Amino acid sequence: MTGHNSKPTLIIIAGEVSGDIHGSRLVAVLKKMNPHLDIQGIGGDLMVKEGLKALFHIKQMAFLGLGEILKHLPFIRKVFHEMTDLVESTQPAAVILIDYPGFNLRFAKKMHKMGIPVIYYISPQLWAWGKKRVFKIKKYVKKMLVIFPFEKDFYNDYGLEAEYVGHPIADNHFDHVDPKMTQSNDVTLGLLPGSRHQEVENLLPDMIKTARLLKDSAKIERALLLKVDTISPDEYKKYIGKNSFIQLHTSTPESFYNQLDTALVSSGTATLETGYFRVPMVIVYRVNFLTWFFARLLVKVDMVGLVNIVAGEKIAEELLQNEFQPEKAKIELERLLESKVNAEAREKLAIIKEKLGAPGVANRAATIIIDFIS
C-alpha cells in the first residue's frame with residue numbers, strides 16, 4: 001500500500017482525552033517496533049510526545065451533544081477535508097481510528113472509497129447504541145481491535161474480524177492499584193467531572209455543591225478534583241472558588257484514586273478507571289434535553305455507566321439528567337461512606353480489574369498493526 005515509499009506512513013485519529021492516552025501508548029510501541037514509521041494525524045500532547053505529527057489537537061475536537069456539533073460543523077468539515085488531503089498526499093499503509101465514532105465512522109467510509117485499509121482500535125460502543133452501525137463497520141473496516149471480551153463475540157456474530165487485545169487501563173494501572181480496605185480519618189471524596197468543557201460546565205457546579213453538603217455535615221474532610229489535560233487549571237479554579245477544602249489534583253491518576261474513599265464520577269471511561277481502583281462511586285451525567293431524547297431512542301442498554309456494563313450488574317448508582325441533584329447525590333455518597341457498605345462495594349468492584357485483562361495491550365495491538373501493514 002505504501003508503494004515505493006521506504007518510510008511507511010500511518011495516519012491515526014483520536015478525538016478525546018482517553019483516545020490520546022491509549023493512542024500515546026500505541027504510538028510509542030509502534031515507533032519502537034519500527035523506528036522508520038511516519039505517524040501523522042489527530043491527537044493530544046501525549047501522542048505528540050511519543051512522535052505523532054499532529055495536524056489537529058484533541059482540544060479542538062471535543063464537542064458534546066447535538067447542539068455543539070451543529071455549531072462547529074464548518075470546523076468539523078474543514079478537519080475532515082484536511083485529513084482526507086493528508087491521506088491523499090501520504091498514501092498511508094493504514095489509517096488507525098481510535099473510538100470517536102461520530103467523526104471516525106464517516107472517515108472510515110471515505111477511506112474505503114479511497115482504497116485505504118482501516119484498522120479500528122477501541123471500538124465505538126455499538127452494542128449499547130445503534131447496532132445498525134455494525135454494518136457500516138463491516139463494510140469499511142478491515143480489522144477491529146477490541147478492548148472488552150464481549151465485543152469480540154459481538155463482532156464475530158456479525159461476521160466481522162475482531163481481535164480482543166485487553167483494556168488499555170491495564171497497561172496504565174495494573175501495578176498501581178492499592179485499594180483502601182479501611183477508611184482513613186482524612187475521609188476524601190473524588191470529583192471527576194469529565195474531559196470536555198461542556199461536561200465540566202454541566203456537572204462540576206453541582207458536584208461542588210454535593211461536596212459542600214458532605215463537608216458541612218462532617219462526612220468528608222476534603223475533596224480532590226482530578227485535573228485533565230483538556231481543561232486549564234483556571235477553569236477549575238473558577239468553579240472551586242472559596243471552597244478551600246477542595247484541592248485540584250495535578251499529579252498522577254493512581255496517586256489520586258488511591259487516596260479516595262468514594263467518588264462522584266461523570267459517566268464515561270472515568271467510571272471504569274475509578275472501578276479499576278475499587279473506589280465506590282456514584283455516576284452522574286447531564287446533557288441538553290434534545291441530545292438526551294435522541295440518546296434514549298438509540299441506547300439499547302439499561303445502564304449507562306461503563307463500570308456497570310462491564311460488571312454485568314449495577315454496582316454503582318447512576319443519577320442521570322434531573323436525577324442528579326446535590327441533595328440526592330449526598331444521600332447516596334453518605335451511604336457509600338458507611339464502612340460496611342464501603343467494604344462491600346470495594347469487594348464487588350474487584351471484578352473490573354479481573355475483566356479488563358493483563359497488561360501488554362498496546363504491544364498486542366501494535367503487533368497486529370505491524371503484521372497487517374507488512
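Here are a few things to note about the model shown:
- Under the Karplus curve 6.51 cos²θ - 1.76 cosθ + 1.60, θ = phi - 60°, whole-Hz ³J(HN,Hα) for the range 242-249, x wherever Gly or Pro sits: 8, 6, 5, 6, 9, 10, 7, 8
- Applying 1/(1 + (r/R0)^6) with R0 = 30 Å to the Cβ-Cβ distance of Lys209 and Glu313 gives a FRET efficiency near 0.50.
- Lys53 versus Lys32: modelled label distance in nm, points set 7 Å from Cα along the beta carbon direction: 2.4
- With neighbour counts taken as other beta-carbon atoms within 10 Å, the residues Asp153, Asp261, Asp216 rank, fewest first, as Asp216, Asp153, Asp261.
- When each of Thr84, Thr9 is scored by the number of other beta-carbon atoms lying within 10 Å, the sequence from fewest to most is Thr84, Thr9.
- Estimated [θ] at 222 nm from DSSP helical runs (n ≥ 4, -39500 (n - 2.57)) normalised by residues in the chain, nearest 500: -14500 deg cm²/dmol
- Over the range 188-355, the ratio between the Cα radius of gyration and 2.2 N^0.38 Å evaluates to 0.97.
- Compared with the direct C-alpha span, the chain from Ser232 to Glu354 gains 40.5 nm at full extension, assuming 0.36 nm per residue.
- Per-pair calculated FRET efficiency, R0 = 41 Å: Asp45 and Arg77 via Cβ, rounded to 0.05: 0.95
- Members of Lys53/Lys238; Lys53/Lys109; Lys49/Lys138 lying beyond 25 Å, as alpha-carbon distances in this model show: Lys53/Lys238; Lys49/Lys138
- Packing, as the average of other Cβ atoms within 10 Å across residues, places the peptides 204-215, 314-325 in the order 204-215, 314-325, highest first.
- Annotation: aspartates and glutamates with alpha-carbon distance below 13 angstrom to Lys152 (same-chain offsets under eight excluded): Glu161, Glu163.
- Each peptide in 13-20, 338-345 gets a packing score, the mean of other Cβ atoms within 10 Å over its residues, and the list from highest to lowest is 13-20, 338-345.
- Length gained on full extension, Asn156 to His176, computed as 0.36 nm times the residue gap minus the Cα-Cα distance: 3.9 nm.
- Length-normalised contact order of the range 188-355 in % [C-alpha pairs under 8 Å, at least 6 apart]: 26
- Values of log10 I(q)/I(0), in the order q = 0.09, 0.11, 0.12, 0.14 Å⁻¹, for the chain under a Debye, Cα-only, solvent-free model: -0.52, -0.77, -0.92, -1.23
- Per-peptide packing, taken as the mean over residues of other Cβ atoms within 10 Å, places 347-355, 328-336 in the sequence 328-336, 347-355 from highest down.
Read-outs: derived from the displayed coordinates by stated rules, not from any lab. Small disclaimer: the values here were computed from a predicted structure and weren't measured. Cβ: placed from backbone, ideal geometry, glycine included. Neighbour counts: every protein chain shown.
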